[in-house]
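Novice: The structure that follows is given in the form of structure tokens.
The values are calculated or read from the model by the stated rules, or taken from the named source; none is laboratory data. Since we're looking at a predicted model, the values are computed, not measured. Virtual Cβ from ideal backbone geometry, glycine too; neighbours counted across all protein chains shown.
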Amino acid sequence: MYEGAIQDLIDELGRLPGVGPKSAQRIAFHVLAADREDVTRLSAALTRVKDQVRFCRVCFNVAEADECRICRDARRTDEVLCVVEEPKDVVAIERTGEFRGRYHVLGGAINPLEGVGPDNLRIRELMTRLQSGAVTELILATDPNTEGEATATYLALLVKPMGIAVTRIASGLPVGGDLEYADEITLGRAFEGRRSVDV
């Protein structure tokens, strides 16, 4: 245990997700050894994020205006809507360059053990968006884990009666992976998502 400001910094850093006590201590001592200008830039960036960044009023992605850049982009199609759990998922999909539709960020996944139910997510807002009639396909891109699957199933049951095509992103083996290291669920998904080989 340290005292004063350094212990306070370690404690605050330790509250961040994925930062354990050892990492918090390492970061705190890095900050202590860093130039004042570096620490000032970090402090300013943290303050600016809290002051300027908000959630898009349409899709709930992160934005610095009322709408995010994707919602403002007139070149994107309104017919396909991709549902993700978090804003970081939007970034991952955008990096592929394969999707030209719109997004809806739920803000998490259904997880009864953590006390997260459908009412804690932005499902009501999603249903309101779907009632406009513009969306013809809803892509469910929630994580391929128990919570993500439960959320995808729940949404599919809600949306199917609306006559909108509901699809789920494929999951399976990563490129460069070995079959012997794949778990049964991943390998089973790879078989379910198989497609014909065109030569």
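Novice: Do we have any residue at all in segment 171-186 that's in the same structural domain as L126 (by TED's automatic domain parsing), without any contact (Cβ under 8 Å) to a residue 60 or more places away in the chain, surrounded by fewer than 16 Cβ atoms within 10 Å (Cβ to Cβ) and over 16 Å from P112 (Cβ atoms)?
Specialist: no
Novice: Right, C71: touching a helix residue (DSSP H, G or I) at 6+ places or on another chain (Cβ under 8 Å) and either surrounded by 15 or more Cβ atoms within 10 Å (Cβ to Cβ) or not assigned by TED's automatic domain parsing to the domain that holds G148 (or both) or not? Walk me through how you get there before you give the answer.
Specialist: On the way: touching a helix residue (DSSP H, G or I) at 6+ places or on another chain (Cβ under 8 Å): no; either surrounded by 15 or more Cβ atoms within 10 Å (Cβ to Cβ) or not assigned by TED's automatic domain parsing to the domain that holds G148 (or both): yes.
When the stated conditions are applied, C71 does not pass them.
Novice: Moving on to the next point. Counting only residues that are assigned to a helix (DSSP H, G or I) and over 17 Å from the mean Cα position of the chain (by Cα), which one in segment 47-79 is nearest to Y103 (Cα to Cα)?
Specialist: Going through segment 47-79, the residues assigned to a helix (DSSP H, G or I) turn out to be 47-52, 69-72.
After this cut, where a residue has to be over 17 Å from the mean Cα position of the chain (by Cα) as well, the list is 47-52, 72.
Numbers: T47: 27, R48: 25, V49: 22, K50: 23, D51: 24, Q52: 21, R72: 12 Å.
Going through the qualifying residues, I end up with R72.
Novice: Shifting gears a bit: In segment 105-113, is there at least one residue being out of contact with any Leu (no Cβ under 7 Å at 6 or more places or on another chain), within 30 Å of A74 (Cβ to Cβ) and modelled with pLDDT of 95 or more?
Specialist: yes
Novice: When you scan segment 94-107, do you find a residue that is in the same structural domain as R124 (by TED's automatic domain parsing), touching a Cys at 6+ places or on another chain (Cβ under 8 Å), farther than 15 Å from I169 by Cβ and not aliphatic (A, V, I, L, M), even just one?
Specialist: There is at least one residue in segment 94-107 that is in the same structural domain as R124 (by TED's automatic domain parsing), touching a Cys at 6+ places or on another chain (Cβ under 8 Å), farther than 15 Å from I169 by Cβ and not aliphatic (A, V, I, L, M).
Novice: Within segment 114-149, how many residues turn out to be charged (D, E, K, R) and closer than 21 Å to A92 by Cβ?
Specialist: 5
Novice: Here's something else I'd like to know. Return the pairs, sorted by first residue and then second, in which the second residue is surrounded by fewer than 11 Cβ atoms within 10 Å (Cβ to Cβ) and not in a helix (DSSP H, G or I), the first residue lies in segment 80-102 and is of a type outside the set (A, V, I, L, M, F, W, C), the beta carbons are less than 8 Å apart, and the residues are 6+ apart or on different chains.
Specialist: R100/R75
Novice: Looking only at helices (runs of 4 or more DSSP H) that lie completely in segment 84-199, which have at least 3 residues being within 16 Å of the chain's Cα centre (by Cα)? Even if it seems obvious, please write down each step before you answer.
Specialist: Details: elements: 87-96, 123-130, 146-159, 184-192.
Ranges flagged: 87-96, 146-159.
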